[in-house]
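Engineer: I am attaching a structure below and will ask some questions about it afterwards.
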Amino acid sequence: MNIKCGIIGLPNIGKSTLFNLLTNSQVKTDNYPFCTINPNIGIINLYDPRLYKIANIININNVLCSKIQLIDTAGLIKNAANGIGLGEKILEQLYKVNIIYHVVRNFKKNNIHHVYNRISPIEDINMINMELILYDLIKCESFLNKLKYNIANKNIIKIYNRLISCLSSNKMLKTLEFSDEEKHIVSNLNFITLKPMIYIFNCDDDNVDTQNIVDTTGHNKDIIININFLKEKNINNIIKKSMLDRINFIMYNKILNKYNLVKLFMTTFNLLNIINFFTFNDKEIKSWMIKRGTTALTAAKKIHSDIYNGFIRVKVINYNKFILINNNKLQKLNKISYSIYNKHYSITDGDILKFVFR
Ligand SMILES: Nc1nc2c(ncn2[C@@H]2O[C@H](COP(=O)(O)OP(=O)(O)OP(=O)(O)O)[C@@H](O)[C@H]2O)c(=O)[nH]1
Ligand SMILES: [Mg+2]
């Protein structure tokens, strides 16, 4: 599953700092706008705490997380949709991503220059979102103009007119309800304002209540996650950057459940309608991403064509049951009581699977 995530936001607000944090990279970050010009591309290990808990129980160190691609873009400024700054280039990149991390400055420090000399998350969010809406509108109008010469497309023209009317009233396309037929047509067009978005507030204090801020912007259905980028960067330095060390540090300090990076990853899965299943052998434990509703046979294909071609059955225990049994030490590992299913079994989030195949 080739998932791409794009980071957007105003210039000089910490986008590349977040990119470095999530991908363990060291791209240039500095206190001036447009420090990033060409996009940075890296891989995020979406660590699922459940995977590490299983790894701890079965005593395996080689933990392989699900991965997605992360693209760090240059800063967007006012009139980006009309080509100001690096506008068009950045917005075009967003057509290729599946989910957007919208970084919002909510840290006060005055020596970090803000392009509009303000600390106002609401104004920043509204400005960026308006550029996304405008850019979708420009695209939509240009698609429609091409279609108008083709009389056979009356239905499609009707849909486009609906989209244009929504965008013209400054609303994102995701606020519209679509019929199945419309959904099919629209989803292939990759409009930016249809994509799931997570607001990541770069905060001095990650316990600050930012939900209020976004409520007042009218985007109250969107998800906001507070992360103190500089604090996280320091944690990274302390534990020498290995993801496993990082998780062990977090588990040891018992801060996993309130740990905002974990919340970010879990929210990413949810918004993309992705679930994780796990497999392990005596060398490694691995997490696999699939769309919700995937059957055992399709999951087998993802792992190896031999498992798919020779599929006999799948043995399943869900993480919640596994953890309960093993935390209570009622059962030893080699006595795990798996349930047995055929190829039509619909995998649920957190299933630990053992495939039996010819
Ligand atoms: N005080 C403070 N400074 C931060 C924080 N996050 C980032 N910075 C600083 O802000 C400056 C800009 O950070 P970058 O990560 O380069 O920002 P950017 O959004 O990628 O900037 P452009 O690429 O220019 O658009 C750097 O000097 C960072 O060290 C934060 O949480 N608090
Ligand atoms: Mg940058």
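Engineer: Among what's in the range 72-87 and is more than 13 Å from ligand 1 (Cβ to nearest atom) and assigned to a loop (DSSP other than H, G, I, E, B), pick the residue that is nearest to residue 105 (Cα to Cα).
Structural biologist: Step by step, filter the range 72-87, then rank; the result is 78.
Engineer: Related question: Counting only residues that are of a type outside the set (Lys, Arg), at pLDDT 85 or above, open to solvent by less than 70 Å² (accessible area, probe 1.4 Å) and in contact with a Phe, Trp or Tyr (Cβ under 9 Å, 6 or more places away or on another chain), how many does the range 136-155 have?
Structural biologist: Within the range 136-155, residues that are of a type outside the set (Lys, Arg), at pLDDT 85 or above, open to solvent by less than 70 Å² (accessible area, probe 1.4 Å) and in contact with a Phe, Trp or Tyr (Cβ under 9 Å, 6 or more places away or on another chain) number 4.
Engineer: Report the residue count in the range 50-89 for those that are touching a strand residue (DSSP E or B) at 6+ places or on another chain (Cβ under 7 Å) and within 16 Å of ligand 2 (Cβ to nearest atom).
Structural biologist: 5
Engineer: Turning to a different aspect of this structure: Quick check on the range 5-22: of everything there that is in contact with an Asp or Glu (Cβ under 7 Å, 6 or more places away or on another chain) and farther than 28 Å from residue 279 by Cα, which residue is surrounded by the most Cβ atoms within 10 Å (Cβ to Cβ)?
Structural biologist: 15
Engineer: Also: Count, please, the residues in the range 65-79 that happen to be open to solvent by less than 10 Å² (accessible area, probe 1.4 Å) and under 23 Å from residue 29 (Cβ atoms).
Structural biologist: 7
Engineer: Against the condition within 15 Å of ligand 2 (Cβ to nearest atom) and in contact with a Leu (Cβ under 9 Å, 6 or more places away or on another chain), how does residue 107 come out, does it pass?
Structural biologist: Here the answer is no, as residue 107 does not meet what is asked.
Engineer: Please verify whether the range 33-49 includes one or more residues that are assigned to a helix (DSSP H, G or I), surrounded by fewer than 19 Cβ atoms within 10 Å (Cβ to Cβ) and at negative phi.
Structural biologist: Yes, the range 33-49 contains at least one residue that is assigned to a helix (DSSP H, G or I), surrounded by fewer than 19 Cβ atoms within 10 Å (Cβ to Cβ) and at negative phi.
Engineer: Please list, ordered by first then second residue, the pairs with beta carbon atoms under 8 Å, 6 or more apart or interchain, first in the range 116-137 and touching a residue at least 24 places away in the same chain (Cβ under 8 Å), second open to solvent by 10 Å² or more (accessible area, probe 1.4 Å) and small (Gly, Ala, Ser).
Structural biologist: That search, which allows pairs on different chains as well, returns 137/168.
Engineer: Mind checking which residues of the range 23-49 are more than 12 Å from ligand 2 (Cβ to nearest atom), in contact with an Asp or Glu (Cβ under 9 Å, 6 or more places away or on another chain) and not β-branched (Val, Ile, Thr)?
Structural biologist: 42
The values are calculated or read from the model by the stated rules, or taken from the named source; none is laboratory data. It should be emphasised that the depicted structure is a prediction, and the values quoted were computed from it without experimental measurement. We place every Cβ from the backbone using ideal geometry, glycine too, and count neighbours over all the protein chains shown. We work out accessible area using only protein heavy atoms, side chains counted, and drop any ligands, DNA or RNA first. Shrake-Rupley method; radii C 1.70, N 1.55, O 1.52, S 1.80 Å.
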